[in-house]
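Accompanying notes for the structure given below.
The values are calculated or read from the model by the stated rules, or taken from the named source; none is laboratory data. Quantities reported herein were computed from a predicted structural model and do not represent experimental measurements. Side chains are part of the model used for accessible areas, which takes the heavy atoms of the whole protein and leaves out ligands, DNA and RNA. Shrake-Rupley method; radii C 1.70, N 1.55, O 1.52, S 1.80 Å.
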Amino acid sequence: MGITRLLRRTLKAGIFLGLFTIAMVYGWTHYLTYPEQDKLQKTNTIICLAAGLKPDGSMGFYTHHRALTCVDLYKQGLAPQLAFTGGNSSHDAPATGQQMAQLAIDLGVPAAAIVIEDQSESTLQNALFTLNKLPNTAGVILVTDKFHLPRSLASFYWAGARDIQPYPSFVGSNTIQPRLTQITAVEALKIWVNLVRAQVYSLAGMLGIPDSQRIQILE
C-alpha cells in the first residue's frame, strides 16, 4: 500500500510539473517581450542556433529564419563576428552550421567574420562547442525562436557565457499556428531533459570521466 501511494504521488507530481512547464513555455512564447533591435548593445559575437533540416537535407524554416535574422543584426553593426552552430547526424548533407554560414556568405557577410560549429546535436552541445571556438565568451547576442530562448539562455550561461543579450528570430506568424501545441509540449520536455543531462554531465566530470566520453551525455 505504501508503494502504491508513493507511485500515485510521484505520478501526480510529474503531471503537475509537466503541465506547469508547458504553461511556462506557452507564456514566454506568447507574452515575454525582448528588446527591439535598436535597443541592443554592440557586443562581440552574434550566435545563431540551428533548428534542424528538412527531409531533403536543406535548411528548415526555423533554421533559415534564424540565419537571416543574424545576418541582419551583423549588417546593423551590432557585432564584428557571427557564429553559426549546429551539426547534422541524420542527413547526407552539410551540417546546419555550415549551411547557415554559406547563406550568410551568399548575402555578403565576409567569411573571415564567421565562426562555424558543426558538430553539436543538442542545445547544450551548441553552447559548449561554440563557446570553445570564441576568443571571448563575455558579450554575445543569442538568436533563436522565442519558445527556445529561455532554454538556450540557461544552456549558454551554464557553459560559461556572460553578458548575453537574447534576441528572438521569430515574433509571430500564422505559419506555425497549427504546430504551436506540439512545439510547446516538446520544448517543455526538453527543458527537463536538458536539466538532467547537465547534472549528469557535471557529476561525470566530478567522477573523473574524460570529457571525450561524457560529452555524449549531452547529445
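Are any residues in the stretch 132-174 open to solvent by less than 10 Å² (accessible area, probe 1.4 Å) and aliphatic (A, V, I, L, M), and if so, which ones?
Selection gives VAL140, ILE141, LEU142, VAL143, LEU149, ALA161.
State which residue is nearest to PRO80 (Cα to Cα) when the search covers only the stretch 134-172 and only residues that are assigned to a loop (DSSP other than H, G, I, E, B) and under 12 Å from the mean Cα position of the chain (by Cα).
So the residue we want is SER169.
Condition test on GLY97, is it within 13 Å of the chain's Cα centre (by Cα), modelled with pLDDT of 95 or more and small (Gly, Ala, Ser)?
Judged against the criteria, GLY97 is a match.
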